[in-house]
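Chemist: Please find one structure pasted underneath; my questions will follow.
The values are calculated or read from the model by the stated rules, or taken from the named source; none is laboratory data. Owing to the predicted nature of the structure, the values given are computational and were not obtained by experimental measurement. SASA here: full protein model, heavy atoms, side chains in, ligands and nucleic acids out. Shrake-Rupley method; radii C 1.70, N 1.55, O 1.52, S 1.80 Å.
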Amino acid sequence: MIERNPPWVSQLLRQRLVPAGIERIPGRNLYLARRAGLHNRAVLNETEVLALLEPLGFEVVDPGALSVA
């Protein structure tokens, strides 16, 4: 099953969660890691996915390792 969010959802989240004055950095691509955890849905082939994305300049970010701030 493929679920797609309407465009207004992304716009609303950006308005509510991104502080004023923060701009997207052109050319910066992030991969949000889905590390295995108690309630996480881990990507089974994450190693292979990263092997494909890293040469394309993607940075790996683990949101679970970051503070809310």
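Chemist: Can you tell me which residues in the range 35-69 are among the polar types (S, T, N, Q) and either farther than 25 Å from residue 17 by Cα or at pLDDT 80 or above (or both)?
Modeler: First, pick out the residues of the range 35-69 that are among the polar types (S, T, N, Q): 40, 45, 47, 67.
Scanning the range 35-69 gives 45, 47, 67.
Chemist: Looking only at the range 24-63, how many residues end up being part of a helix (DSSP H, G or I) and open to solvent by 90 Å² or more (accessible area, probe 1.4 Å)? Talk me through it step by step, then tell me what you get.
Modeler: Initial filter on the range 24-63 (part of a helix (DSSP H, G or I)): 46-56, 63.
From what's left, open to solvent by 90 Å² or more (accessible area, probe 1.4 Å): 47-48, 52, 54-56.
Number of matching residues: 6.
Chemist: Given the conditions (1) at pLDDT 80 or above; (2) open to solvent by 80 Å² or more (accessible area, probe 1.4 Å); (3) in a loop (DSSP other than H, G, I, E, B), and given that residue 21 satisfies all but one, which numbered condition is not satisfied?
Modeler: Tallying (1) at pLDDT 80 or above; (2) open to solvent by 80 Å² or more (accessible area, probe 1.4 Å); (3) in a loop (DSSP other than H, G, I, E, B), residue 21 fails exactly one: (2).
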